[in-house]
Amino acid sequence: MPPITIYSKSWCPYCAAAKRLLDEKGAAYTEIDIEAEPERRAEMVQKAGGRTTVPQIFIGDRHVGGCDDLYALDEKGQLEALLQA
């Protein structure tokens, strides 16, 4: 399974939903809370092509996007393949 990174905020309901989906899939991930580590926010924005909202999700080298993007991949049946790569 490729490494998964989620940039998040502790109170964000979209972050919680994205993590819940990954948990249901049995996927381990690294969470970076940009409120607890504000210096990581610029890193997130740069890696996410200028996107400033959370969550920002990366699976391996691929920028998946946010929560809605993650769920859309799952609905299309493409998330499993990304997690197995």
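When segment 1-21 is filtered for residues that are under 24 Å from ALA81 (Cα atoms) and touching a helix residue (DSSP H, G or I) at 6+ places or on another chain (Cβ under 8 Å), the ones remaining, listed by number, are MET1, PRO2, ILE4, ILE6, TYR7, SER8, TYR14, CYS15, ALA17, ALA18, LEU21. Among the residues that make up segment 24-40, is at least one of them assigned to a helix (DSSP H, G or I), among the charged types (D, E, K, R) and surrounded by 14 or more Cβ atoms within 10 Å (Cβ to Cβ)? Within segment 24-40, one or more residues are assigned to a helix (DSSP H, G or I), among the charged types (D, E, K, R) and surrounded by 14 or more Cβ atoms within 10 Å (Cβ to Cβ). When LEU70 is tested against (1) without any contact (Cβ under 8 Å) to a residue 40 or more places away in the chain; (2) outside any strand (DSSP E or B), just one condition goes unmet, and that condition is (1). Summed over segment 73-85, residues that are loosely packed, with under 14 Cβ neighbours inside 10 Å and either part of a helix (DSSP H, G or I) or of a type in the set (Asp, Glu) (or both) total 4.
Values in this text are rule-based calculations from the coordinates and carry no lab data. Just so it is clear, the model here is predicted, and its values are computed rather than measured. Glycine also receives a Cβ, built like all others from the backbone with ideal geometry; neighbour counts cover every protein chain displayed.
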